[in-house]
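Enquirer: The structure that follows is given in the form of structure tokens.
The values are calculated or read from the model by the stated rules, or taken from the named source; none is laboratory data. Note that this is a predicted model, so its numbers are computed, not measured. Cβ sites come from the backbone with ideal geometry, for glycine too, and all protein chains shown count toward neighbours. With ligands, DNA and RNA removed, areas are computed over all heavy atoms of the protein, side chains included. Shrake-Rupley method; radii C 1.70, N 1.55, O 1.52, S 1.80 Å.
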Amino acid sequence: MIKNFDDVLRIAAERGPKTIAVAWAQDEDVLMAVNEAKKKGIAEAILVGDKEKIEEIANKKSIDLSGYEIIDIKDLSEASLKAVELVSTGKAHMVMKGLVDTSIILKAVLNAEIGLRTGNVLSHVAVFDI
């Protein structure tokens, strides 16, 4: 039974890293979270967004980007579609919403051609340990 966030992290580490496609990754908090998950061995990430801004933030926060694939897309909607496509083609396991409006990322997720429609219920998960 999972009782706290430490349990979530332990179980994730036991199961091994998953690859996250980060839509519009040029956000300080997003990059710090992804980097922390990488350090803990629970996630790898493909960063989709403005490469120059991603690198600028990484330099500011001393984040080493050498272990990350960065896909340089400067349009918000296109970056969201690309992140979803990475999941639908099996290159990534899940999408992470970066600095993008929920409506834009959901439009990409529900895209008829490359979206993640399965005919089942769509779920969004957030975990808080207060």
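Enquirer: Could you give me the ³J(HN,Hα) list for the stretch 38-45, computed from phi with Karplus coefficients 6.51, -1.76, 1.60 and θ = phi - 60°, whole Hz, x at Gly and Pro?
Expert: Values, residue by residue: 5, 4, 7, x, 9, 7, 10, 9 Hz.
Enquirer: While we're on this one: With every protein chain kept in place and ligands, DNA and RNA left out, what is the accessible area per residue of the stretch 27-124? Probe 1.4 Å, answer in Å².
Expert: Details: 5980 Å² over 98 residues.
I get 61 Å² per residue for the stretch 27-124.
Enquirer: A follow-up question, please. Sort S66, S80 from largest to smallest accessible area, using a 1.4 Å probe on the heavy atoms of the protein chains.
Expert: Working: S66 100, S80 0 Å².
Highest to lowest solvent-accessible surface, that is S66, S80.
Enquirer: Defining a contact as two alpha carbons under 8 Å apart and six or more residues distant in sequence, what relative contact order in percent does the stretch 55-130 show?
Expert: Values: 42 pairs, mean separation 18.7, N = 76.
Averaging sequence separation for qualifying contacts and normalising by length gives 25 percent for the stretch 55-130.
Enquirer: Taking θ as phi - 60°, what are the ³J(HN,Hα) couplings along the stretch 116-130 by the Karplus curve (6.51, -1.76, 1.60), each to the nearest whole Hz, with x for Gly and Pro?
Expert: Running phi through 6.51 cos²θ - 1.76 cosθ + 1.60 with θ = phi - 60° gives 10, 5, 10, x, 9, 5, 8, 10, 10, 10, 9, 10, 10, 10, 9 Hz.
Enquirer: Moving on. Work out from phi, with θ = phi - 60° and the Karplus expression 6.51 cos²θ - 1.76 cosθ + 1.60, the ³J(HN,Hα) of each residue of the stretch 50-66, listed in order in whole Hz, and give x for Gly and Pro.
Expert: So the Karplus estimates, Gly and Pro as x, are 6, 4, 4, 5, 4, 5, 4, 5, 4, 4, 4, 9, 6, 9, 7, 8, 4 Hz.
Enquirer: Can you give me the long-range amide H partners of M96? Hydrogens built in the peptide plane at 1.01 Å from N, cutoff under 5 Å, separation of 5 or more residues or another chain.
Expert: Long-range HN contacts for M96: A21, V22, A23.
Enquirer: Please state the charge dipole magnitude for the chain, taken about the Cα centre, from unit charges on C-beta atoms (+1 on K and R, -1 on D and E), reported in debye and rounded to the nearest 20.
Expert: Values: 17 positive and 21 negative charges, 85 e Å.
Dipole magnitude for the chain comes out near 400 debye.
Enquirer: Per q in 0.09, 0.18, 0.21 Å⁻¹, report the Debye log10 I(q)/I(0) for the chain, using one uniform scatterer on each alpha carbon and no solvent.
Expert: Here the Debye-derived log intensity ratios amount to -0.26, -1.02, -1.28.
Enquirer: Let me ask another. How about the stretch 10-59: which trypsin sites (Lys or Arg not before Pro) there lie in a loop by DSSP and see at most 16 other Cβ atoms within 10 Å?
Expert: Hits after loop and neighbour filter: K40.
Enquirer: Further question: Hey, for a label at L116 modelled as a point 7 Å past Cα toward Cβ, could you say which residues of the stretch 12-34 have their backbone N under 14 Å away?
Expert: 18-24
Enquirer: What lysines sit close enough to K51 to cross-link, taking a C-alpha to C-alpha distance under 20 Å and skipping anything fewer than 8 places away on the same chain?
Expert: Straight-line reach from K51, under 20 Å: K38, K60, K61, K74, K82, K91, K97.
Enquirer: Ok, one more. Long-range amide H contacts for K18: which residues qualify at under 5 Å (H placed 1.01 Å from N, peptide plane, sequence gap of 5 or more or a different chain)?
Expert: Sorted by chain and number, the residues that satisfy this are A43, E44.
Enquirer: Next question, about the same structure. Give me the percent relative contact order of the chain, please, defined on Cα pairs under 8 angstrom at least 6 residues apart.
Expert: Numbers: 202 pairs, mean separation 36.9, N = 130.
It comes to 28 percent, rounded to a whole number.
Enquirer: Given a 1.4 angstrom probe, I'd like the percentage of the accessible area of the stretch 1-105 that is carbon and sulfur, rounded to a whole number.
Expert: Values: 2890 of 5920 Å².
About 49 percent, which is the carbon plus sulfur part of the accessible surface.
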